[in-house]
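Peer 1: Just passing along the structure, written as structure tokens.
The values are calculated or read from the model by the stated rules, or taken from the named source; none is laboratory data. Being a predicted model, the structure only gives us computed values, none of them experimental. With ideal geometry, Cβ positions are generated from the backbone for all residues, glycine too; neighbour counts draw on all protein chains shown. These accessible areas exclude ligands, DNA and RNA; they are computed on the full protein's heavy atoms, side chains included. Shrake-Rupley method; radii C 1.70, N 1.55, O 1.52, S 1.80 Å.
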Amino acid sequence: MPSAREHDEDRVRRSYDAVAGEYRTRIGGELAHKPLDRALLSALVEETADGAPVADLGCGPGHVTGWLTARGVRAVGIDLSPRMVGLARADHPAAEFRVGDLRRLPAADGEFGAAVALYSVIHLAPDELRSAFAEMRRVLRPAAPLLVAFHLGDEVRHMARWWDYEVDVDFHFLDAADVRAAMEATGFTVRAALERTHYPHEAASRRAYVLARRAV
């Protein structure tokens with residue numbers, strides 16, 4: 001019998017497989033309208049060791065991975081949804097994509113010189129954050145930067161229908177102090193944190209970004 005974690009993982013996978021095409025249409029060009037995200041990604045790239053690959057964790061249709069690749073970065077997108085990964089490979093053939101879970105990343109120890117996780121930890125409960133950040137630390141090189149973004153709050157929004165597709169997925173709004181504590185407990189040093197309101201084209205929520213570095 002599948003464990004509760006495996007059941008939740010399967011729900012998320014099936015839900016994102018269901019909406020993958022629509023998600024790409026609606027979200028695939030969003031960086032053009034997110035100047036702060038672009039600035040933070042640029043800062044992350046500047047801190048990455050020359051030639052080291054950057055991981056895009058929870059890459060969806062690969063738009064962030066593609067943005068990095070277009071700027072000369074060797075980027076690797078990882079996502080739980082095989083259909084998302086298939087679309088990403090088709091749209092961004094110069095980048096590499098893998099299917100995998102945040103808590104069991106398909107990557108070698110110290111493979112990446114930086115990582116970004118934009119709104120991918122929101123499918124984890126607060127008590128699952130440490131295991132995810134420990135896994136991120138494992139695949140990062142010493143002193144490598146990590147950029148994480150998430151929705152602020154303490155609610156769990158369940159969706160049974162998303163863009164007219166049947167889904168079964170939970171979105172966890174997270175407390176910034178809890179995220180920071182989980183990162184620090186797993187070997188990261190937080191260097192910057194900021195919050196913003198949603199852009200007009202986004203779902204209504206307050207967003208947080210945390211920029212950290214893997215401890216040596």
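Peer 1: Taking the chain as a Gaussian network, Cα atoms linked when under 10 Å apart, which of 21, 51, 60 shows the biggest mean-square fluctuation?
Peer 2: Among 21, 51, 60, the largest GNM mean-square fluctuation belongs to 51.
Peer 1: Amide H neighbours of residue 162 under 5 Å, at least 5 residues apart or on other chains, H built in the peptide plane: list them.
Peer 2: Residues meeting the criterion, in which the H sits 1.01 Å from N, are 167.
Peer 1: Label residue 158 and residue 27 with points 7 Å out from Cα along Cα→Cβ: what is the distance between them in nm?
Peer 2: Result: 2.1 nm between the two label points.
Peer 1: Hey, quick one: spin label on residue 168, modelled 7 Å out along Cα-Cβ, who in region 78-104 has an amide N within reach, i.e. under 18 Å?
Peer 2: Within reach of a label on residue 168: 81-82.
Peer 1: Volume per residue, Å³, of the convex hull around the alpha-carbon atoms of region 82-207?
Peer 2: Values: hull volume 17.1 nm³, N = 126.
Given the Cα convex hull of region 82-207, per-residue volume reads 136 Å³.
Peer 1: So, one more: In Å², what does the accessible area per residue of region 111-171 work out to with a 1.4 Å probe? Before the final figure, lay out each step's value.
Peer 2: Details: 2500 Å² over 61 residues.
On a per-residue basis, region 111-171 sits at 41 Å².
Peer 1: Among 189, 150, 80, whose Cα lies farthest out toward the positive end of the dipole of the chain, if unit charges sit on the beta carbon of Lys, Arg (+1) and Asp, Glu (-1)?
Peer 2: The listed residue farthest towards the positive side: 189.
Peer 1: May I ask you to give the average projected area over all directions of the convex hull of the Cα atoms of region 72-115, in nm² rounded to one decimal? Walk me through the intermediate numbers first.
Peer 2: Values: hull surface 13.2 nm².
So the mean shadow area of the Cα hull is 3.3 nm².
Peer 1: If you average the alpha carbon positions of region 58-80 and of region 128-176, how far apart do those two centres end up, in angstrom?
Peer 2: 17
Peer 1: Let me ask something additional. Using the Cα centre of region 1-96 as origin and beta-carbon charges of +1 (Lys, Arg) and -1 (Asp, Glu), tell me which of 33, 94, 58 is placed farthest towards the positive end of the dipole.
Peer 2: Result: 33.
Peer 1: Put a dot 7 Å past each Cα toward the Cβ at residue 202 and residue 109; how far apart are the dots in nm?
Peer 2: Here the answer is 3.7 nm between the modelled labels.
Peer 1: Given +1 on the Cβ of Lys and Arg, -1 on the Cβ of Asp and Glu, and no further charges, what dipole in debye does the chain carry about its Cα centre, rounded to the nearest 20? Don't skip to the answer; put the middle values down first.
Peer 2: Details: 28 positive and 32 negative charges, 106 e Å.
For the chain, the charge dipole is close to 520 debye.
Peer 1: Per the Kirkwood definition applied to all pairs of different Cα atoms, how many angstroms is the hydrodynamic radius of the chain? Present the calculation step by step, with values, prior to reporting the outcome.
Peer 2: Working: mean 1/r = 0.0581 Å⁻¹.
When all Cα pairs of the chain are included, the Kirkwood radius is 17.2 Å.
Peer 1: Also, I was wondering about something else. Charges on Cβ only, +1 for Lys and Arg, -1 for Asp and Glu, centred on the Cα centroid of the chain; of 177, 122, 70, which one is farthest towards the dipole's positive end?
Peer 2: 70
Peer 1: While we're here: Work out the length of the dipole vector of region 157-206 about its Cα centre, built from +1 on the beta-carbon of each Lys and Arg and -1 on the beta-carbon of each Asp and Glu, and round it to the nearest 20 debye.
Peer 2: Numbers: 6 positive and 9 negative charges, 57 e Å.
Result for region 157-206 is approximately 280 debye, rounded to the nearest 20.
Peer 1: Kindly point out which whole DSSP H helices in the chain project their C-alpha atoms 15 angstrom or further along the helix axis while averaging a Kyte-Doolittle hydropathy of -0.5 or above. Don't skip to the answer; put the middle values down first.
Peer 2: Numbers: long enough: 4-27 (32 Å, -1.56); 35-47 (18 Å, 0.43); 129-139 (16 Å, -0.14).
Those that clear 15 Å and a mean of -0.5 are 35-47, 129-139.
Peer 1: Here is a follow-up. Going by a ≥ b ≥ c, the root eigenvalues of the Cα gyration tensor, does region 28-82 fall in the rounded group (a/c under 1.5), the prolate group (a/b larger than b/c) or the oblate group? Please list the in-between numbers first.
Peer 2: Values: a/c = 1.99, a/b = 1.12, b/c = 1.79.
Because a/c hits 1.5 or more and a/b fails to exceed b/c, region 28-82 counts as oblate.
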